[in-house]
Amino acid sequence: MRGLALVSLLVVLGCQDPTPAPTASSSSASALPASSGVAATAAATVSAAPRHPFAGAWSGKGEVAKGEVRVPDGVPYDVWKEEKGDVATGPLEIELTVLDSGAVKGTGKGALGELSLIGVVVDQELSASLQPADPNAEGAMTGTLIAKIDGPAMEGEVRASGRDGTVVRGGKVTLKRAP
């Protein structure tokens, strides 16, 4: 508890502005608010933050088909063998933005339904989670997108499944940097 109190005290003291407040005898040219120096320093720090090399808008398409399910020998998996692959297959469109920090947000639509996408780019690889825009929608799918970035293009793979895991889908996607 003492450690938490000490950290809190240091944070509060660290947030105080060491610039003295202007006095009545200060000239009007130098009579700026006491916090203006802190705001200017913070603005300079934010603008000096490096931009992620892949930051910007990306969009692309792919095709989703029945996914392959692998199980150890002797494990019954009749439910996946019997699943015909006639739902949640077909085209998929993805639009995403890589933020300056490398964080990723976006959307998808098509064979897997309406999706929201959240992830990150580390080095030259995008890893993202695909979540249904409406988790209660009939046939809602959840999955992942993993893609390698090569210049102005990303090539990757989508994998997704329905709520009960009996509908499994996979496919390739290609995304390009937006002009």
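The values are calculated or read from the model by the stated rules, or taken from the named source; none is laboratory data. The shown structure was predicted, so the numbers you read here are calculated from the model rather than taken from an experiment. Note that we place each Cβ from the backbone using ideal geometry, even for glycine, and neighbour counts take in every protein chain shown. Each accessible area value is taken on the protein alone, full model and side chains, heavy atoms only, with ligands, DNA and RNA left out. Shrake-Rupley method; radii C 1.70, N 1.55, O 1.52, S 1.80 Å.
Of the residues 147, 153, 160, only one is of a type in the set (A, V, I, L, M) and surrounded by fewer than 20 Cβ atoms within 10 Å (Cβ to Cβ); which? Give the derivation first.
Numbers: 147 fails: surrounded by fewer than 20 Cβ atoms within 10 Å (Cβ to Cβ); 160 fails: surrounded by fewer than 20 Cβ atoms within 10 Å (Cβ to Cβ).
Matching residue, one of 147, 153, 160: 153.
Can you name the condition, by its number, that residue 174 falls short on among (1) open to solvent by less than 40 Å² (accessible area, probe 1.4 Å); (2) at pLDDT 95 or above?
(1)
Mind listing whichever residues of region 153-164 are part of a loop (DSSP other than H, G, I, E, B) and either under 16 Å from residue 123 (Cβ atoms) or touching a Phe, Trp or Tyr at 6+ places or on another chain (Cβ under 9 Å) (or both)?
Taking region 153-164 first, the residues part of a loop (DSSP other than H, G, I, E, B) are 163-164.
Residues satisfying the conditions do not exist here.
Quick test of your reading of the structure: residue 137 fulfils all but one of (1) over 11 Å from residue 175 (Cβ atoms); (2) among the aliphatic types (A, V, I, L, M); (3) at pLDDT 95 or above; (4) more than 11 Å from the chain's Cα centre (by Cα). Name the failing condition by number.
(3)
Would you mention how many residues in region 106-125 are in contact (Cβ under 8 Å) with a residue 24 or more places away in the chain, acidic (Asp, Glu) and within 19 Å of residue 138 (Cβ to Cβ)?
Here the count works out to 0.
Any residue in region 101-109 that is assigned to a strand (DSSP E or B) and of a type in the set (S, T, N, Q)?
Checked against the condition, which is being assigned to a strand (DSSP E or B) and of a type in the set (S, T, N, Q), region 101-109 yields at least one hit.
Here is a yes/no grid of residues against (1) modelled with pLDDT of 95 or more; (2) exposed (fewer than 14 other Cβ atoms within 10 Å of the Cβ); (3) not aliphatic (A, V, I, L, M):
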residue: 82; (1), (2), (3): no, yes, yes
residue: 91; (1), (2), (3): yes, yes, yes
residue: 100; (1), (2), (3): yes, yes, yes
residue: 106; (1), (2), (3): yes, no, yes
residue: 110; (1), (2), (3): yes, no, yes
residue: 118; (1), (2), (3): yes, yes, no
residue: 121; (1), (2), (3): yes, no, no
residue: 126; (1), (2), (3): yes, no, no
residue: 133; (1), (2), (3): yes, yes, no
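Restricting to region 83-129, count the residues that are among the aliphatic types (A, V, I, L, M) and closer than 24 Å to residue 166 by Cβ.
8
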